[in-house]
Amino acid sequence: MASDNVVIKKLFFKLLPVQIMLIGMGSINSIIDGTIAGRYIDERTVGVIGLFFVIVTIVSAISSVILGGAAVLSGNYIGTGEIEKANGVYSLCIFLSLMLGIITTAVCFCFPEQIAIFCGSDESLKESVAQYSRGYSLGFIPMFLSAPLSHYLQIENQSKRNYIGVVVTIIFNITLNVIFITVLDMGVIGLAYATSACNWIFFLILSSYYFSNKAQLTFSVGNILWKKTIELIKIGSPGALLEFLLAANGLTINRIILRYGGEPALSARASLNMLGGFFVALGMGCGTVIRTLSSVYVGEEDRDSIKYLIKLALTKVMAMMFAIMFIMMLLSGPMALIFFPDHTSDTYILTKQQYLIYALALPLILLVQVQTNYLQATKNNIAVQVSSIVDGYFGTVIPALILAPIIGILGIWWSDFIGGLITAMVYPVYAVFYWKHIPKNKDEWLLFRDDFGVKDDDRLCIEITGMEDVIGSSERIQKYVTDKKYSGRIAYFSALAMEEMAGNIVRHGFNADNKKHGLDVRVIPTKNGIMLRIKDDCKPFDPVEISRIFNSEDMSKNIGIRMISKIADEFTYQNMFGLNVLTIVIK
């Protein structure tokens, strides 16, 4: 498993920064909006943004239904090598996102006053929230479309485009906010227009790749896998339930805050909604990567990769999250000053208190994200629903209702930490009910059934670091296949196939740049023969296409690859997430 760990680790930390930046972008833009609102309009406008945040949460929930289901289905199909079906799910995801974007835009633009009332605004804030709703609605279509595009760009190994989009969007958000608020004095609607414009800019940067002929996944109405619509919604809805409940949570908590802390406490809470995303980005991003990669490994029925993936999240990423927790606690005062420059005001004091307490919940947020996204990837939908209900609403609302009358606004601040503790218990309790006993080992804690994947003694995993490993591994494979009672022909051809293909990767891939690369060979006995799965993180290399375009008269050129493609009963290649995956079946 050593080589597979290297490949997984590199892939994990390749995908994670993109997710952190995508989540952090929203928080950074919110911080910019909040800073401009608090310093150049008034503190009440920060509360306006906080009230409308409920609508943004609902939009995120609707979007996560589509993206969550599509990510799991696409990952499963990629794991099984069914790229056409993965493309059909992609087209379905884009179509549904577009339709939902159009509907949401129409509702928020045409009924802004009703939206303001729904958000819980009183008469003094109603007009401002309505204006903000109408301006913000113009950016909902690109918001819906950008979510799946950013996910699928990672599958296409186009993460740089996400980075570029994030940086450009932040720059434009700062520029447009300064122009609309400080120069043109447009007030709250100027904040909304700036956000909408940035949503369109981000979308255009991401979508431009799909107008090229390089994309492996392309949108086409004819490709849409309509029959998977219900399954997509079924898979995505439990995770989206959390977002809907968080919106309901926001409505309820805002009312409790207004009762026990007034408008200063509401503005403090709004600042956390803006800034908090920056600190939870690691946990949220890690959860998304867990869901994405777990879906692929579930499709491959790869127990080992799933185990290492979860271990990686709960050790290295958890250590990073504890570091972020301490940083947030240390910077609670300076961060409160960003929004509320008067350090003697009640709003500043409440904000600083809230940041200190909320920081303690960060490790729990990571743990819950890993649990929930893994459950979603493995289609344990009941557990996801229970976790979403507890995490999204009851885990925090009930403690807030109990503690607020006793210790005031601090009871609401502590409810986030208490809710995290309660939600983290859902997974272990579910595992006990799942097995009807306390899980005895890692496999049971990860909910692996006996018929899932290949057991330890039914596969051979080999690490290739150079040509010397290729020769030795060839001998190991031949002996392993022979010991499994397969014919001498299958044993010989299996060893030969690995030696030729792995040798080509080492010669042409490992030395193509100055980067360190990993190569994993997995030998799996099947009912009718042997399956070889070779993974590497070198530049894309397609031996299938090369084999087809060779001049048949030039028998001496690339004869090794030619020979393997002829003797193999199945010979397939795909490049997803920047990994080359070659599958060879010898019968």
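The values are calculated or read from the model by the stated rules, or taken from the named source; none is laboratory data. The model shown is predicted, which means the values in this text are computed figures rather than measured ones. Heads up, the Cβs are rebuilt from the backbone with ideal geometry, glycines too, and the neighbour counts pull from every protein chain shown.
Residues being in contact with a Cys (Cβ under 9 Å, 6 or more places away or on another chain) and more than 24 Å from T35 (Cβ to Cβ) are entirely absent from segment 161-183.
In segment 238-262, the residue that is nearest to I58 (Cα to Cα) out of those that are polar (S, T, N, Q) and buried (at least 20 other Cβ atoms within 10 Å of the Cβ) is N249. Scanning segment 427-453 for residues that are under 16 Å from E300 (Cα atoms) and surrounded by fewer than 15 Cβ atoms within 10 Å (Cβ to Cβ) yields R449, D450, D451. Of all residues in segment 299-327, those being touching a Ser or Thr at 6+ places or on another chain (Cβ under 9 Å), modelled with pLDDT of 80 or more and surrounded by fewer than 22 Cβ atoms within 10 Å (Cβ to Cβ) number 1. Pairs linking a residue in segment 167-183 that is in the same structural domain as N29 (by TED's automatic domain parsing) to a residue that is aromatic (F, W, Y), with Cβ atoms under 7 Å and 6 or more positions apart or on different chains, are T169/F202; F180/Y193; I181/Y40; T182/Y40. G250 meets the conditions (1) at pLDDT below 85; (2) under 21 Å from the mean Cα position of the chain (by Cα) in every case but one. The failed one is (2). Only residues that are in contact with a Lys or Arg (Cβ under 6 Å, 6 or more places away or on another chain) and surrounded by fewer than 17 Cβ atoms within 10 Å (Cβ to Cβ): list them for segment 375-412, please. Residues satisfying the conditions do not exist here. What number of residues within segment 197-217 satisfy the criterion of being modelled with pLDDT of 80 or more and either surrounded by 15 or more Cβ atoms within 10 Å (Cβ to Cβ) or polar (S, T, N, Q) (or both)? Summing the residues that are modelled with pLDDT of 80 or more and either surrounded by 15 or more Cβ atoms within 10 Å (Cβ to Cβ) or polar (S, T, N, Q) (or both) in segment 197-217 gives 13.
Out of the helices (runs of 4 or more DSSP H) lying entirely within segment 60-147, which hold 3 or more residues that are under 25 Å from L217 (Cβ atoms) and within 18 Å of the chain's Cα centre (by Cα)? Break it down into steps so the answer makes sense when it comes.
Values: elements: 83-110, 112-118, 123-137.
Correct list: 83-110.
If you go through segment 507-526 one residue at a time, do you hit one that is part of a helix (DSSP H, G or I) and either closer than 30 Å to K307 by Cβ or modelled with pLDDT of 80 or more (or both)? So far as segment 507-526 goes, yes, one or more of its residues are part of a helix (DSSP H, G or I) and either closer than 30 Å to K307 by Cβ or modelled with pLDDT of 80 or more (or both). Considering P363, P334, P341, the condition of being out of contact with any Gly (no Cβ under 7 Å at 6 or more places or on another chain) and buried (at least 17 other Cβ atoms within 10 Å of the Cβ) is satisfied by P363 alone. Within segment 220-233, the set of residues being within 21 Å of the chain's Cα centre (by Cα) and surrounded by fewer than 18 Cβ atoms within 10 Å (Cβ to Cβ) comprises T229, E231, I233.
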